[in-house]
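I have placed the structure first, in the form of structure tokens, so that the comments after it can refer back to it.
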Amino acid sequence: MEISLENLTGRQKAAILIIAIGPESASQIFKNLKDKDIEKLSIEVASMKDIPSTVMEAVVEEFYQMIMAQEYISQGGLEYAKQVLEKALGPRKAHEIVSKVESAIHVSGFKLLKEVDPNQLLNFIQHEHPQTISLILANLEPQQTASILADLPPEIKADVAYRIATMGKISPDLLSDIEGVLENQVESVFGQDLSAAGGAKAVAEILNLSSRSTEKTILADLEKRNPELATEIKNLMFVFEDIVLLDDRSVQRVLREVESKDLSLALKVATDEVKDLIFRNMSERAANIIKEELEFMGPVRLKDVEEAQMKIVEVIRNLEEEGEIVISGRGGEEEIVA
């Protein structure tokens with residue numbers, strides 16, 4: 001299977017980074033690792049073959065961005081880091097990087113479980129209480145959680161997703177109790193920090209990596225239990241910047257349903273990549289009109305921009321549900337047929 005950044009585990013990324021920086025620098029890193037970690041990382045390095053230069057560059061760039069994010073956080077906190085990174089990389093990439101750093105800072109428990117094969121982990125937790133299952137899944141990687149969630153018995157699948165979505169911060173005592181049980185079974189030592197886990201954002205990330213059938217089942221159940229929560233999750237599953245996941249035909253279909261004033265507002269803070277995609281799928285005349293509106297548009301409220309973007313996101317989701325467009329890059333099994 002061809003190596004891609006999206007399919008790499010954390011350990012595989014670490015192995016590629018070790019290869020990229022060379023033996024001398026790698027030896028300095030190994031000096032600060034435990035023997036067990038050195039052994040695991042060495043095995044991973046040895047198994048790496050034919051790494052595309054683009055993947056290696058992407059791993060190094062991600063590592064650099066996370067180091068810079070940690071530096072910004074130490075200087076002025078998470079909000080400061082988000083502001084700096086958004087200006088440099090755009091909202092979507094900034095959120096992705098800060099989330100990874102935030103997770104590394106606050107979530108120290110369940111480390112070993114993140115390295116367990118999803119099938120083994122499914123057997124490990126499927127007979128536990130749904131609240132216990134949701135607590136464990138909320139602390140795993142979205143890809144791992146999506147795989148496990150898809151294979152849970154139908155009668156508890158939606159219940160677990162709902163519990164993750166409505167989960168708040170986990171107290172140190174509760175986390176300690178759960179980890180104490182896990183320690184005896186998976187031989188791991190976990191931290192005691194307050195951990196922010198779960199929430200609508202967590203479920204949105206999980207469903208983005210799930211199959212369409214799993215997504216529909218869970219969202220249908222959530223809409224019955226809590227319509228507002230279901231709407232919040234839907235909105236988080238596809239943000240305006242994700243419009244770059246659409247092909248040209250789909251973008252053209254979406255633009256036929258969007259009002260010009262909403263499009264102009266939505267593009268006010270959009271990245272160049274999003275603007276280029278939109279403009280190339282419009283007539284030259286229509287594109288020039290929007291560009292002129294943007295050029296002469298004065299200061300606007302961020303709230304108005306976000307509302308305009310959400311209108312377009314709603315159009316995209318409706319068209320996808322009706323089967324008129326396809327959003328590429330979604331997780332789960334392939335559903336496109338010839």
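The values are calculated or read from the model by the stated rules, or taken from the named source; none is laboratory data. Remember, it's a predicted structure, so these values are computed and weren't measured experimentally. Neighbour counts are summed over all protein chains in view; Cβ atoms, including those assigned to glycine, are modelled from backbone coordinates with ideal geometry. All accessible areas refer to the heavy atoms of the entire protein, side chains included, with ligands and DNA or RNA removed. Shrake-Rupley method; radii C 1.70, N 1.55, O 1.52, S 1.80 Å.
Approximating the spin labels as points 7 Å out from Cα along Cα→Cβ, the Glu259-to-Asn235 distance works out to 1.8 nm. Per atom type, the range 45-99 shows carbon and sulfur on 55% of its accessible surface, probed at 1.4 Å.
Candidate cross-link partners of Lys268 among the lysines, defined by an alpha-carbon separation under 26 Å and a same-chain spacing of 8 or more, comprise Lys82, Lys87, Lys93, Lys201, Lys234, Lys291, Lys303, Lys311. Each part reduced to its alpha carbon centroid, the range 1-57 and the range 213-243 end up 36 Å apart. Measuring nothing but protein heavy atoms, the accessible surface of the range 211-253 at 1.4 Å probe radius is 47 percent carbon and sulfur.
Over all other residues within a Cβ to Cβ distance under 12 Å of Leu255, the charged ones net out to 0, with Lys and Arg as +1 and Asp and Glu as -1. A straight Cα-to-Cα reach below 29 Å connects Lys40 with the lysines Lys13, Lys31, Lys49, Lys100, Lys111, Lys114, residues fewer than 8 places away in its own chain not being considered.
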